[in-house]
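Handing you this structure, nothing more for now.
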Amino acid sequence: MKVNLRTRPLREVRKERMIPGVMYGKSIESTSIEVEEKAFKDALAEYGKSMTFRVTLDGKRHNVYIKNIQSDILKPDDIVHFELHRIAKDETVSASIPVVIHGKETLEKRKLYVQLGLQEINCEYKSGSGIQHFEFDVSDMEQDEAIHVKDIVIPEGVTIHEDPEQIVFIVKEAHQVLEEETDEEAIETDEEAVETEEVVEEEN
């Protein structure tokens with residue numbers, strides 16, 4: 001993706017369907033930049049906010065990842081500013097990678113549901129690698145079947161910092177989920193009742 005130095009007011013940048021941003025990182029000063037809206041949205045769709053990719057600024061290539069984006073409050077699809085974090089070849093990136101589940105509609109037809117154990121997975125990787133999200137297809141999974149961290153196919157260059165035995169998600173029947181939620185609510189109610197009794201006893 002090609003980015004340009006920004007030397008003009010923000011209003012002029014946005015008027016020409018460009019998005020203003022900033023690039024910073026190790027061994028580079030914070031630099032105001034701008035990029036074509038379509039080019040940035042294409043990069044965001046392909047790499048997300050975790051994978052590293054290359055940008056060109058004044059003929060020089062830099063490995064970066066999208067650190068942050070700001071959207072218009074009234075129009076969430078309109079990006080008004082972004083941050084690129086430049087990383088050196090020997091530098092590592094720490095990121096929380098989202099878990100994406102496909103096929104939940106198929107499970108629901110069989111009265112089955114996905115119960116998440118992790119919504120994001122903590123990872124570390126070096127420049128030039130990374131992953132946008134961890135995808136799982138649950139269409140053919142059965143009741144009580146689970147995926148643990150140790151079951152994940154890890155891309156080359158990526159290290160996961162989670163307990164290997166941690167459940168990422170498990171497939172359950174609808175009534176199982178409801179029963180567990182009811183049990184949890186009952187436990188919370190009992191704990192609140194005990195706390196109330198203790199307070200009353202102390203006051204007496």
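State whether the residues of the range 103-113 include one that is closer than 29 Å to ILE167 by Cα, of a type in the set (Gly, Ala, Ser), in contact (Cβ under 8 Å) with a residue 60 or more places away in the chain and surrounded by fewer than 19 Cβ atoms within 10 Å (Cβ to Cβ). Break it down into steps so the answer makes sense when it comes.
Looking only at the range 103-113, we keep the residues that are closer than 29 Å to ILE167 by Cα, and these are 103-113.
From what's left, of a type in the set (Gly, Ala, Ser): 103.
Retained after the next criterion (residues that are in contact (Cβ under 8 Å) with a residue 60 or more places away in the chain): none.
Looking for residues that are closer than 29 Å to ILE167 by Cα, of a type in the set (Gly, Ala, Ser), in contact (Cβ under 8 Å) with a residue 60 or more places away in the chain and surrounded by fewer than 19 Cβ atoms within 10 Å (Cβ to Cβ), one finds none in the range 103-113, hence no.
Same structure, new question: In the range 70-91, is there at least one residue being hydroxyl-bearing (Ser, Thr, Tyr) and closer than 21 Å to SER127 by Cα? Spell out how you get there, then give the answer.
Going through the range 70-91, the residues hydroxyl-bearing (Ser, Thr, Tyr) turn out to be 71.
Those left that are additionally closer than 21 Å to SER127 by Cα: none.
No, the conditions are met nowhere in the range 70-91.
Take the conditions under 24 Å from HIS148 (Cβ atoms) and either more than 15 Å from the chain's Cα centre (by Cα) or assigned by TED's automatic domain parsing to the domain that holds LYS150 (or both) and apply them to LEU84. Does it pass?
Values: under 24 Å from HIS148 (Cβ atoms): no; either more than 15 Å from the chain's Cα centre (by Cα) or assigned by TED's automatic domain parsing to the domain that holds LYS150 (or both): yes.
It is false that LEU84 is under 24 Å from HIS148 (Cβ atoms) and either more than 15 Å from the chain's Cα centre (by Cα) or assigned by TED's automatic domain parsing to the domain that holds LYS150 (or both).
Matching residues to (1) farther than 17 Å from VAL168 by Cα; (2) at pLDDT below 90:
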{"position": "GLU91", "(1), (2)": "yes, yes"}
{"position": "PRO98", "(1), (2)": "no, no"}
{"position": "THR106", "(1), (2)": "yes, no"}
{"position": "LEU112", "(1), (2)": "no, no"}
{"position": "LEU116", "(1), (2)": "no, no"}
{"position": "GLU120", "(1), (2)": "no, no"}
{"position": "CYS123", "(1), (2)": "no, no"}
{"position": "SER127", "(1), (2)": "yes, yes"}
{"position": "PHE136", "(1), (2)": "no, no"}
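The values are calculated or read from the model by the stated rules, or taken from the named source; none is laboratory data. Computed from a prediction, not measured in an experiment: that's the story for all the values here. Methodologically, a virtual Cβ is constructed for each residue, glycine included, from the backbone with ideal geometry; neighbour enumeration extends over all protein chains shown.
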